[in-house]
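The values are calculated or read from the model by the stated rules, or taken from the named source; none is laboratory data. Model, not experiment: these values are computed from the prediction. For neighbour counting, all protein chains shown are included, and Cβ atoms are generated from backbone atoms with ideal geometry for every residue, glycine included.
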Amino acid sequence: MRSVPTVPRHPRLASLHRLWLRHRADGHLPAAEDFDPLDLRPWGEHLVVLDIESEAQFVYAYYGNVFAAAFGGDRVGQSIDDLPAQQRAILKEEYDRARRQGVPLTRVYTADFGDGVATWERLVLPLASNGKTVDKLMVAAFELPGDADDA
């Protein structure tokens, strides 16, 4: 499982990526404040926002209902350090890469989520209050159709 800078396959992730691109100005990263919460409603239940409290500390600021239902409740205010070791390692590498490189990342993965095996695509979007230093991440994930390949 590798996160790569690429355009998402899932149409709803592709539309969120386009929205993020529209908020980029003169090569600067958009800030969280650039996004009207009403404009994010189509992705809200499938959305997570993380504050970056230090170079290595990612804390959930928003945790959509789809994630809360899949992973046992709302994690707002919790660090990814509280996650199981394997999940934490994957997310930490992904989030740290998005923070360092300041580029959108996608990842397709297949896993058993308790109610059966499913393939999902994730999109990680870096946000920067000052346009340069990533201080938040916006993450969305959607299930891909049953014939999707794991990449």
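Counting only residues that are part of a loop (DSSP other than H, G, I, E, B) and without any contact (Cβ under 8 Å) to a residue 12 or more places away in the chain, which one in the range 75-113 is farthest from Pro126 (Cα to Cα)?
Pro84
Collect the residues in the range 47-56 that are assigned to a strand (DSSP E or B) and either surrounded by fewer than 16 Cβ atoms within 10 Å (Cβ to Cβ) or of a type in the set (A, V, I, L, M) (or both), keeping them in residue-number order.
The answer is Leu47, Val48, Val49, Leu50, Ile52, Glu53, Ser54.
Go through the range 43-55 residue by residue and tally those that are touching a helix residue (DSSP H, G or I) at 6+ places or on another chain (Cβ under 7 Å) and free of Cβ contacts under 8 Å to residues at least 60 places away in the same chain.
So the answer is 1.
Name the one entry in Val59, Val66, Val7 that is exposed (fewer than 14 other Cβ atoms within 10 Å of the Cβ), touching a strand residue (DSSP E or B) at 6+ places or on another chain (Cβ under 9 Å) and of a type in the set (A, V, I, L, M).
Sole residue among the options that is exposed (fewer than 14 other Cβ atoms within 10 Å of the Cβ), touching a strand residue (DSSP E or B) at 6+ places or on another chain (Cβ under 9 Å) and of a type in the set (A, V, I, L, M): Val7.
For the range 69-85, give me each residue that is more than 13 Å from the chain's Cα centre (by Cα) and surrounded by 16 or more Cβ atoms within 10 Å (Cβ to Cβ).
Hits for the range 69-85 are Arg75, Ser79, Leu83.
Residues of the range 15-46 being surrounded by 15 or more Cβ atoms within 10 Å (Cβ to Cβ) and among the aliphatic types (A, V, I, L, M), which ones?
Leu16, Leu19, Leu29, Ala31, Ala32, Leu40
In the range 118-143, which residue that is modelled with pLDDT of 90 or more and more than 26 Å from Arg24 (Cβ to Cβ) is surrounded by the fewest Cβ atoms within 10 Å (Cβ to Cβ)?
Glu143
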